[in-house]
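Report on the following structure.
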Amino acid sequence: MKKTIDIISLGCSKNLVDSEWLMGLMEANGYHCTHDSEDPQGEIVVVNTCGFIADAKEESINTILEFVQAKTEGRIEKLFVMGCLSERYLADLEKEIPEVDGWYGKFNYRNLLKDISRNEEGGMRKENTPDADISLQGNLVPHSSFLLPRIITTPPHYTYIKISEGCDRHCAYCAIPLITGRHKSRPMEEILDEVRQLVKQGTKEFNIIAQELTYYGVDIDGKQHIAELIEQMADIPGVAWIRLHYAYPTHFPWDLLRVMREKPNVCKYLDIALQHISDNMLSRMQRHATKEETYELVERLRKEVPGIHIRTTLMVGFPGETEEDFEELKTFVKWARFERMGAFAYSEEEGTYSEQHYDDDVPEEVKQRRLDQLMRIQQRISEELEAEKVGKTLKVIIDRQEGDYYIGRTEFCSPEVDPEVLIPVAERELTIGTFYDVLITDSEEFDLYGTTIIL
């Protein structure tokens, strides 16, 4: 029996997909994998790290040190680290934390498997194991005549599909291109084959993710193919919901809105980070968009896809942000009335354009004040928009049961980050992963309450 490997995933859903591919690769080679155990369950632990912003890096370092302690105490035998943090800071980490048995970046997890196998087999490795025939293509999931098995760690009725890796946008504040490299699209037929396989396994909901969703295909033939990809995906029998994450506002592919409007299983939901609205900030951030263009974009999204729910992310405290810039941002948020909005305060990242060319001149207390003000505005908007759903009947998928409630989501809600629908358990027995028509009876700031409609 080969040893058990516990894989710990930190950071975003894109990292989670990497961990799921790694688990599939490990299990295809005879290992048993567990995921995100509260206590280490395996003799070997692999930490898949995040290195995007300061808080994420701190969480990754603390998690590594926790497992170093577990190794010191003899609760695990080996500790390996992979992912964005080690991709970015490999040399420093190897020097600072020598207790880790092996460090890997974001894209070379085949080497991780080889090293674990070599250790298990005393330096010998059978070359006929499944991954020996798999070729790696740059910074993407392995692509071959067959798809690797992927171990889904989410509830089986929903998952994430990563369609590309990397980003060519080079926003001034962003370290992603430094970590992931240039944009590289997965072959369309490979993605569609993966969706077909997952449908056969019972998956109904597909959350489409990438660092830059709307750029899909440009690296292949110079054209954006995201609308074509989503349209073909929507035509696969058994695909109930498709939800789109991480679009970019510049050169938006307008054909995608037609697909969202015409295909009933493409959710009226778009995650598109806008970051700011003042021309001063957009220019300094190197967003390649103007205030006028951004207002026009939001108007067109709402006009062409009636009922669309827009999720966006905004930043405060970027170098050079004045009170006038911030007032423009508040006005924009009040006008746009985003259904979902997150915000964060700027933090300087090594190697980025803003770190090299700007002074971080907005005091921390000012950043926090602006962040608090912006989120208070959004809190009121969210409360009002959720209240408008009371009395409506919405299609809801049930994710889980917690205490006295079943917890579900509408098409307007992505897993883990968006409002949920709470349905009393006492009402009737519901099945996890099943869709129900739910009458919304009450609302709070971010969540809804409802009762199922019995047909």
Placing each pseudo-label 7 Å from Cα in the direction of the beta carbon, S283 and E66 end up separated by a distance in nanometres of 4.6
Set K330/K395; K2/K114; K78/K114; K162/K395, cut-off 22 Å on Cα-Cα distance; pairs above it are K330/K395; K162/K395
Taking only protein heavy atoms and a 1.4 Å probe, the highest-to-lowest accessible-area order of H170, H276 is H170, H276
The chain: longest segment with zero exposed chymotrypsin sites (Phe, Trp or Tyr not before Pro), where exposed means DSSP loop plus at most 15 other C-beta atoms within 10 Å, is residues 255-445
Lone Cys, the chain, Cβ cut-off 4.7 Å -> C12, C33, C50, C84, C167, C267, C413
Counting only protein heavy atoms with a 1.4 Å probe and every protein chain in place, the carbon and sulfur fraction of the accessible surface of the chain in whole percent equals 49
The correct pair for the range 283-338, radius of gyration to one decimal and Dmax as a whole number, both in Å and from Cα atoms, is 12.4, 37
Measure of exposure for C12: accessible area at 1.4 Å probe, Å² rounded to 10, is 60
accessible surface per residue for the range 340-455, probe 1.4 Å, DNA/RNA/ligands not counted, whole Å² -> 51
Heavy-atom accessible area of R75, protein chains in place, probe 1.4 angstrom, given in Å² to nearest 10, is 120
HN-Hα couplings for the range 195-211 via Karplus (6.51, -1.76, 1.60; θ = phi - 60°), in whole Hz with x for Gly/Pro, come out as 4, 4, 4, 5, 4, 4, 7, x, 6, 10, 10, 10, 9, 8, 10, 5, 5
Rounded to the nearest Å, the spacing of the alpha-carbon centers of the range 154-175 and the range 360-415 is 22
Taking the alpha-carbon centre of each part, the distance from the range 1-42 to the range 209-231 in Å is 29
Classified through the alpha carbon gyration tensor (a ≥ b ≥ c as square roots of its eigenvalues; rounded if a/c is under 1.5, else prolate when a/b is larger than b/c, else oblate), the range 359-455 comes out prolate
Checked the range 59-114 against the a/c 1.5 cut and the a/b vs b/c comparison, axes a ≥ b ≥ c from its Cα gyration tensor; verdict oblate
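Just to confirm the filter: which trypsin sites (Lys or Arg not before Pro) across the range 207-301 are DSSP coil and have at most 15 other Cβ within 10 angstrom of their Cβ?
K223
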Under the helix-only model (-39500 (n - 2.57) for each DSSP H run of 4 or more, divided by the residues of the chain), the mean residue ellipticity at 222 nm, to 500 deg cm²/dmol, is -11000 deg cm²/dmol
Reduced to Cα centres, the span from the range 315-344 to the range 268-298 in Å works out to 11
The range 219-284 accessible area per residue, 1.4 Å probe, protein heavy atoms, integer Å², reads 37
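The values are calculated or read from the model by the stated rules, or taken from the named source; none is laboratory data. Because the structure is a prediction, the values reported are computed rather than measured. Because the Cβ atoms are built from the backbone with ideal geometry, glycine has one as well, and the counts that use them run over all protein chains shown. Quick note on the areas: whole protein, heavy atoms, side chains included, nothing else; ligands and nucleic acids left out. Shrake-Rupley method; radii C 1.70, N 1.55, O 1.52, S 1.80 Å.
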